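The values are calculated or read from the model by the stated rules, or taken from the named source; none is laboratory data. A quick note: this is a predicted structure, and the numbers were derived from the prediction, not measured. Here the Cβ positions follow ideal geometry from the backbone for every residue, glycine too, while neighbour counts run over all protein chains shown. Note: areas computed on protein heavy atoms with side chains; ligands, DNA, RNA excluded. Shrake-Rupley method; radii C 1.70, N 1.55, O 1.52, S 1.80 Å.
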Amino acid sequence: MTRTAVLLLSFFVSMATKTTAEMIKSEVKMNLEEFQDIFSAARLSEAEHRVVEQKKRHEAEHQRKIKELDNAIRQSKVNAEKDRLADHLALFPDNYKVLTQRADGIFNFSAPASGVEGDIASFDIELMIRVMSSKWTTIPIANTTSTVASDWKVSWMPERVDVDISSTGSAYVVLDPVADPEAMLLIKDEQQVLATNKSGLFRVQFSAHSRVRKDRKLNSVSLSSLLYPLSGASMTLCSHVMSAENDEGIAVKELSIHPTSAVLKVQPDDGCARISVILPLTSTKFEIRWLDIVEAAKEKKRVDPGATDEATGKNPSDESLTVSHDVMHSVEDGVVRSTNVLKFETSESGLNSVEFVVHGPKGTRVTSVSGYSLSRWNAGAYNATTSSIPVRALFKSSNLDSSVTLHVHTESDTDAAAKTQTLELPRIECVGALRHSGHIGVIKVTNGVELHQQKAVGLARAEPTDISSQLRLNTDRPIMLAYKYLNPKYTLHLSSMSHTAMDTLEAVVDRVHYEALAMDTHIMHSLMVMMKSTKLQYLEIQNIPPEASMFTLIVNGVQTKPVKGGQTEDSLLVPLLVGLNTETANDGLGVKTSIELRYFSTHDPLDEEGYLDLPLPRVTVPISIVTAELRLPKIYSYNFTGDFGSRGSDRLKYPVPSAFSYVKGKRIVPKGYKFSRLDDDVLDDEISQNEGGGSAIQMDIPQSGRSYFFERLLVVNAPLYLNVAYFPHPEPKEPPATSIWDKLKFQMGL
């Protein structure tokens, strides 16, 4: 043993001895019961420690899940708010919506305490505006260049308060548009705007002032240049002027309003006329006119409406009447129709009535008179001495306009049988007009009439664009002659030359496709026709075999029945006014029609050889392209004679036409629905239900035998025949054999 090993062994022995001694010193002697108590206490302490640690872990996990749930709820609210804002921005890209705008006006003839001038009307404007989200938004309120406004007020209601928008209670918070940094009234781009970053309901109030226009006894006040439509308006007209003509103290009568479609409700109240106005939903302005009773009484005393000038015998007020007259004469077969637009203007506050005379040849008549505020009109009998008809038009008492437009329609007869004739065009002369001028236009509706100027006195040529757009834009015919005049006592005669119209085609067939399947004793026929027609009611089809039976007919996808008739005994009539497109049927254009006709015929049984005569169904209108397909048994050989040549081809140069239908289904399908061929059957069921009958019964031609194709172009009023001679296949001839192998190939059919 080496010295090193000895030293190591000594070290380990000493260490073991020392450890044993220490263990002996640390030993404590106790009985078993004490040891068990100490051991149980230690285990209990260890278990309590584990429970505390586990509780801490569970509490931490619980807090973590609560925090995650709170974050998820918070994120869900954020996402919902983003979606809501996105929906609002999609509907309201400007982030606001003006809900209502109302104007309540007042005008007091004598109210010095009000602090305004006597000819100024004041309107209290109220706008209800909803701002969608809390971001800076500018809302135009009024034009600063055209609106005189004062007394601005702004109030706000939070978005989540559930109250009615017309509420005026404590739910609204009054804002100071000058001091409030989140709701300010600014001037931007010549507009008064509300700038805010608050969401919710805003109520903006201000007073707008408008000057009352006075024209003798006619007063008017208007409110215009508003940025948004008015949802409601009212006007209070007050005056306490008493007179003999005004016992109630109300100096207002004969109210009228513009726009004319508005509705007025007037209620007297202590010397005032309270007017409620119901306006169209898109109206951004309105004007109220009324007569001042006091001024009207003064005017009545100053000028007696019944007085006339001794020298002229006219009413003095007639001297201020001017007339602008535009007329369009339409020359038709046997009649000349005239449309007149008469615009009357006067310096007075309103027209009670107008009178005019229609001059024209015998047979002239006034068919209608129409216009705004027209109460009634009457036309006298035709005066043969003066060749005229007197007409008087009375207006409603509420008419306060100084300008009135009438539309007068007249007719005069012409000789429809005459080759040449002179046409005297009617003219209108207004009674008591200071000035009467206008324009004349002439158009012709029929193509068989040629017009030329024969006599024109007191007229000058004009451009068609000078005629009123009400007449010029309401005709699709070119204006042949145009005149202007300054005196209604003019004369205009036209020479008319009639030409005989030639007949034109009422229908044309684009494609005819004929199919025939020949069996032992029957032939199944199928005829497809694609055509255009304008006035044709029935299509005649001839060369139908007398023994034909079991017909089926489909027109524009709708099953119908053919009728007997026509020029020959072997013809039938196909109704064309079936299943038309209701949207374009009355456009006057050629209507496209598809026809499917099928039937059966019989013949003698096929022998070893023989003939088949196939007269094609004859269509009695011109045909562009005729194609035919014959399906014959394969056990025969054939020779062809007739109008298609002696040989059939293996295919057609032109595609076989397909039938179509104008009937549309009414089934509702969800968005993104993918249609398939199964939907065609559903459409057929809907079509049959709409037509009130069962589904269309039509037998398809079986794919049998060998097909031979024939074509013919441009067939006009000519029958087509196709004759078939059939015979057995010829026996194949044996070729000269050069070897035994050639004989074997021939015998085996190789």
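Rounded to 0.05, the FRET efficiency of the D700 and S661 pair, given R0 = 25 Å and the Cβ-Cβ distance, is 0.90. Computing FRET efficiency as 1/(1 + (r/R0)^6) for T422 and L394, where r is the C-beta to C-beta distance and R0 is 35 Å, gives about 0.45. Expressed as a whole percent, the accessible area of segment 354-461 that falls on carbon and sulfur atoms is 47 (1.4 Å probe). For a modelled paramagnetic label at V335, 7 Å from Cα along Cα-to-Cβ, the residues of segment 417-431 in reach, with backbone nitrogen under 19 Å, are 417-418, 423-427. Peptides 645-653, 254-262, ordered by how many other C-beta atoms sit within 10 Å of their residues on average, highest first, read 254-262, 645-653. Taking the three principal axes of the alpha carbon atoms in segment 547-646, the coordinate ranges are 57, 27, 27 Å, sorted in descending order. Taken over the C-alpha atoms, segment 472-570 has Rg and Dmax values of 26.2, 90 angstrom.
Between Q63 and V445, the distance separating the two model label sites (each 7 Å from Cα on the Cα→Cβ line) works out to 9.4 nm.
Using every pair of distinct Cα positions in segment 343-413, the Kirkwood expression returns a hydrodynamic radius of 12.9 angstrom.
Between K97 and T386, the contour length at 0.36 nm per residue exceeds the Cα-Cα span by 97.5 nm. Calculated from the alpha-carbon coordinates, segment 385-539 shows an Rg and a Dmax of 26.9, 96 Å respectively. Quick check on segment 523-579: what does the Kirkwood estimate of hydrodynamic radius come out to from the alpha carbon pairs, in Å? Taking every pair of different Cα atoms in segment 523-579, averaging 1/r and inverting gives 12.3 Å. Sorting 377-388, 222-233 by average packing, meaning the other beta carbons within 10 Å per residue, from highest down gives 222-233, 377-388. Between N352 and M480, the C-beta separation translates, for a Förster distance of 51 Å, into a calculated FRET efficiency of about 0.85. For the pair T145 and R365, the difference between a 0.36 nm per residue extended length and the Cα-Cα distance amounts to 73.9 nm.
If a spin label sat at a point 7 angstrom from the Cα of T504 along the line to its beta carbon, the backbone N atoms of segment 525-548 nearer than 12 Å would be those of 534-535. Protein heavy-atom accessible surface, 1.4 Å probe, per residue over segment 439-527: 54 Å². With the gyration tensor restricted to C-alpha atoms of segment 391-463, the semi-axes of the equivalent ellipsoid amount to 32, 16, 12 Å, longest first.
Note that segment 620-672 carries a Kirkwood radius of 16.2 Å, evaluated over its alpha carbons pair by pair. Short to long, the 5 Å bins of the Cα pair-distance histogram for segment 174-240 hold 3, 9, 18, 19, 15, 13, 9, 7, 5, 2, 0 percent of all pairs. Each of the peptides 99-105, 53-59 was scored by the mean count of other Cβ atoms within 10 Å over its residues; in descending order, highest first, they stand as 99-105, 53-59.
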